[in-house]
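Chemist: Before anything else, here's the structure in question.
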Amino acid sequence: MKKKVLSALLSVAMVATLLVGCGGSSAPAAESAPAEEAAPAEEAAAEEAPAAAEGGFHFELVSKGFQHQFWQAVLQGAQEKADELGDTMNFVGPNSESDIADQVQMFNNAINANPDAIGLAALDTSALLDAISAAQAAGIPIVGFDSGVPDAPEGAVLANAATNNYNAGILAAEETFKLIEDKLEAGAVIGVLSQDAVSQSVGDRGLGFIDKMAELVSGKGLTVDVTGNEKFVNETKATVTAGGDVTIDVKVPAQVTAELSQTDCLNLLNTPGIICVYGSNEHSAVAIVSANETVGTVGKDVVGIGFDAGATLKGAVRDGVLAGAVTQAPFAMGAATVELLHKAAMGESIADVDTGCTWYTADNMDEPAIAVNLYD
């Protein structure tokens, strides 16, 4: 929309110039002021951001990264919806979900590109607060996706397109409980692997799982203790008994690396009484599969549960290493994000969209309604 206004102003200026020329004024032309040199960040943004299609809008989407195949599926859904609406988009993300500073710079570049709206999946909202406030001051609408932008300044983020991750964690717990109910007894340990403790999406999946699992275990007449990472210990809604019959042990690596997550999983798998391990995203679920190559107990003595999809996870579910997993709908998430951005650019009122999730196993993963969400 900003581009249309600028085009109209330029047209008026050209007509005015022609009229002066036709009048044959003998007054000397005013000396043109030298053009202000563009800042490096602005030049980079101009090179990266394609011009909007005629009659369309341009959007910048800043994701959490590209190291997971999940984001490629989000990108595909976003691009197809943009093409359908006649809009253009630039989709970026850091190499790793621990590269918070890189995402902040990408978001600043997105603001400098002066788009009609910005989509943001925040790694750490606190690190982005100044930039978000700058976008808000510039009148650029922001739409959150995936984990959204929790604790953003009031009115800065108009809506979110995301899985209800807490409910997705509940679904994982409900399906897992069916598989471990006969193993529950005093001394049993349920492991939870979380990629980090700052992302709201990953955190909610872990807390949803912990809270629901504790409720189900308590229904069996057993007390529950939650140990490990402080975020999950402090934020769980579960009724906790120190030294309870069943322990839910939550591991979070110091950095988001495959090696550290695999080590956390090996520690869990070597814990006496371990009956189950749940990985709350693709990264953590792959760590379970990798750790199992050393110990070989997942899929036998220990129930393995994953979250998301990807080739490794799908193969592990199909082979029985993982009993099942919850998948989001990443393609639908990308499409919903761009649709919200388009409406925001049109000045329409928008609201959050739950893009859904589903449980898949070796028995149902080839069904069309589920297979469409199992990205590679």
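Chemist: Along segment 210-218, what does the Karplus equation 6.51 cos²θ - 1.76 cosθ + 1.60 (θ = phi - 60°) give for ³J(HN,Hα), rounded to whole Hz, x for Gly and Pro?
Modeler: 4, 4, 6, 5, 4, 4, 5, 5, 4
Chemist: Dipole size in debye (nearest 20) for segment 165-328 around its Cα centre, Lys and Arg Cβ +1, Asp and Glu Cβ -1?
Modeler: Dipole about the Cα centre, nearest 20: 200 debye.
Chemist: Scan around Val353 for amide H atoms under 5 Å from its own, H built in the peptide plane at 1.01 Å from N, and keep only partners 5 or more places away or cross-chain.
Modeler: Counting only residues 5 or more places away or on other chains, the set is Asn160, Ala161, Ala162.
Chemist: Taking 0.36 nm per intervening residue step and subtracting the Cα-Cα distance, what contour gain separates Ala369 from Gln255 on full extension?
Modeler: Fully extending the segment from Ala369 to Gln255 adds 37.5 nm.
Chemist: Quick one: which residues, 5 or more positions from Phe91 or on another chain, have an amide H under 5 Å from its amide H? H modelled 1.01 Å from N in the peptide plane, none for Pro or chain starts.
Modeler: Here the answer is Leu61, since their amide H atoms fall under 5 Å of that of Phe91.
Chemist: Specify which residue in the list Phe232, Ile190, Ala173 is farthest towards the positive end of the charge dipole of segment 165-328, using unit charges on the beta carbon of Lys, Arg (+1) and Asp, Glu (-1), about the Cα centre.
Modeler: With unit charges placed on the Cβ atoms, the residue in question is Ala173.
Chemist: Scan (i) 61, 42, 36; (ii) 98, 40, 36; (iii) 51, 46, 45 for the value of Cα extents along the principal axes in Å calculated from this model and give just the label.
Modeler: (ii)
Chemist: Also: Would you mind checking Lys251/Lys314; Lys220/Lys314; Lys81/Lys231; Lys231/Lys343; Lys251/Lys300 for any pair whose Cα atoms are more than 26 angstrom apart?
Modeler: Lys220/Lys314; Lys81/Lys231; Lys231/Lys343
Chemist: Ok, one more. What number comes out for accessible area per residue over segment 147-263 if the probe is 1.4 Å? Units Å², please.
Modeler: 42 Å²
Chemist: Something else: Sequence-distant or interchain residues sharing an amide H contact under 5 Å with Thr223, placed H: which?
Modeler: Asp245, Val246
Chemist: If we sort 275-282, 330-337, 155-162, 364-371 on the protection proxy, mean other Cβ atoms within 10 Å, highest first, what's the order?
Modeler: Descending mean neighbour count gives 275-282, 330-337, 155-162, 364-371.
Chemist: For the chain, with only Lys/Arg (+1) and Asp/Glu (-1) charged at the beta-carbon, what is the dipole magnitude about the Cα centre, in debye rounded to 20?
Modeler: Here the chain has a charge dipole of around 380 debye.
Chemist: Per residue of the chain, what 222 nm ellipticity follows from adding -39500 (n - 2.57) for every DSSP H run with n ≥ 4, rounded to the nearest 500?
Modeler: Computed mean residue ellipticity for the chain: -14500 deg cm²/dmol.
Chemist: Within 10 Å, count the other beta carbons around each residue, average over each peptide in 137-147, 198-208, and list them highest first.
Modeler: Working: 137-147: 21.5, 198-208: 25.4.
Output ranking for 137-147, 198-208: 198-208, 137-147.
Chemist: Counting only protein heavy atoms and a 1.4 Å probe, tell me what percentage of the chain's accessible area is made up of carbon and sulfur.
Modeler: The computed percentage sits at 52.
Chemist: If you take every DSSP beta bridge fully contained in the chain, what fraction is antiparallel? Give it as a percent rounded to 5.
Modeler: Around 10 percent antiparallel, to the nearest 5.
Chemist: Here's something else I'd like to know. How high is the relative contact order of the chain? Use alpha-carbon pairs under 8 Å, at least six apart in sequence, and give a whole percent.
Modeler: Rounded, it is 18 percent for the chain.
The values are calculated or read from the model by the stated rules, or taken from the named source; none is laboratory data. Keep in mind the model is a prediction, meaning the values are calculated, not measured. When we count neighbours, we look across all protein chains shown, and the Cβ atoms used for this are built from the backbone with ideal geometry, even at glycine. What goes into the accessible areas is simple: the full protein's heavy atoms, side chains included, and nothing from ligands, DNA or RNA. Shrake-Rupley method; radii C 1.70, N 1.55, O 1.52, S 1.80 Å.
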